[in-house]
Amino acid sequence: MIERDYIMRMLQMFFDAIAKVLNRNVPGIVPDIPELQKSFNEMYHQYFHQSPDHYYGMEKEEILAEIENEGYSEKDMYAKMQMLSELLYQDAIIKNNLHERFSLLEKALYLFEYLDIKSRTFSWDRGGRINEIKKAMTEVKISD
């Protein structure tokens with residue numbers, strides 16, 4: 001029970017941090033992309049103890065293998081995967097470089113779909129995010 005509470009707190013803190021960075025509920029505010037990128041970079045370090053470049057340079061299968069081989073319990077592994085996939089997605093949508101955007105979207109989608117298949121927890125949010133990523137990937141390919 002303590003482990004589950006810890007995981008839930010970590011997830012809540014992470015998603016609160018994402019929401020705070022994005023300020024999506026404040027109408028009329030134009031996002032400061034360099035500031036968003038700086039915040040996301042800090043989140044890679046804080047929550048994953050890696051630089052963003054670590055994940056940028058890896059293939060999606062390598063990211064999954066790294067997470068699987070870190071020795072976490074299944075719940076912790078899925079929590080980390082959920083957090084990383086969300087961060088990769090949020091990072092992708094602020095990228096101007098279409099190749100970088102597509103690469104990050106592809107990695108996020110891979111992790112979200114893995115979670116959707118393997119996790120015993122059903123999530124409407126995850127299904128919605130998968131659809132958003134697929135749509136974003138299509139838009140990147142169209143404009144590429």
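The values are calculated or read from the model by the stated rules, or taken from the named source; none is laboratory data. Small disclaimer: the values here were computed from a predicted structure and weren't measured. Neighbour counts run over all protein chains shown; Cβ positions are idealised from the backbone, glycine included.
I'd like to know if the range 73-95 contains one or more residues that are farther than 27 Å from E35 by Cβ, among the hydroxyl-bearing types (S, T, Y) and more than 14 Å from the chain's Cα centre (by Cα). Taking every residue of the range 73-95 in turn, at least one turns out to be farther than 27 Å from E35 by Cβ, among the hydroxyl-bearing types (S, T, Y) and more than 14 Å from the chain's Cα centre (by Cα). When the range 120-137 is limited to residues that are in a helix (DSSP H, G or I) and β-branched (V, I, T), the one that is modelled with the highest pLDDT turns out to be I133. Scanning the range 61-99 for residues that are basic (K, R) and surrounded by fewer than 20 Cβ atoms within 10 Å (Cβ to Cβ) yields K75, K95.
Does any residue of the range 47-67 turn out to be at pLDDT below 95 and under 14 Å from I18 (Cβ atoms)? Yes, because at least one residue in the range 47-67 is at pLDDT below 95 and under 14 Å from I18 (Cβ atoms).
Checked against the criterion of being within 21 Å of M13 (Cβ to Cβ), of a type in the set (G, A, S) and in a helix (DSSP H, G or I), the range 91-104 contains not a single residue that satisfies it.
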